[in-house]
Amino acid sequence: MKKSELTRKLIDAGCKFIRNGTRHEVWYSPLTNHEFTLPRHQAKEVATGTLSKIEKQSGVKF
C-alpha cells in the first residue's frame, strides 16, 4: 500500500495529523487514544512490518 492510500484511510477513520518530526509525521488516533508515526515517502510502498505496526497503533484495519 502506498503512503498516500494509507493517509487517506487514516483520515477516513478519524485520525489526525499533529506535526512533522525529523523524518516522520506524527499522527493521533482517537480509536486508541495514542500518537503514532508515519514515514514521509508519498510515492513509495509502506513496508509490511511498518504497516502492521501502524495498524496496531492506530486501531484501523487495512
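Read-outs throughout are calculated quantities, based only on the coordinates presented, and are distinct from any laboratory measurement. Quantities reported herein were computed from a predicted structural model and do not represent experimental measurements. Here the Cβ positions follow ideal geometry from the backbone for every residue, glycine too, while neighbour counts run over all protein chains shown.
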Problem set entry | Under the Debye formula (equal points on every Cα, no solvent term), log10 I(q)/I(0) of the chain at q = 0.15, 0.25 Å⁻¹ | -0.37, -1.12
Problem set entry | Phi-based couplings in Hz for the range 10-22 (Karplus 6.51, -1.76, 1.60; Gly and Pro marked x) | 5, 5, 4, 7, x, 6, 10, 6, 9, 6, 8, x, 5
Problem set entry | J(HN,Hα) series, the range 37-43, from Karplus relation 6.51 cos²θ - 1.76 cosθ + 1.60, nearest Hz, glycine and proline x | 10, 10, x, 9, 8, 4, 8
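What stretch of the chain, leaving out the sites themselves, is the longest with no trypsin sites (Lys or Arg not before Pro) in a DSSP loop having at most 13 other Cβ atoms within 10 Å? Walk me through the numbers before you get to the answer.
Details: sites that count: Arg23, Arg40, Lys44, Lys61.
Value returned for the longest uninterrupted segment is 1-22.
Quick one: net charge around Asn33, please, counting Lys, Arg +1 and Asp, Glu -1 for every other residue with C-beta under 14 Å from its C-beta. Intermediate results must be reported in sequence, preceding the final value.
Details: positive: Lys16, Lys56; negative: Glu35.
Once all neighbours under 14 Å are counted, the net charge is +1.
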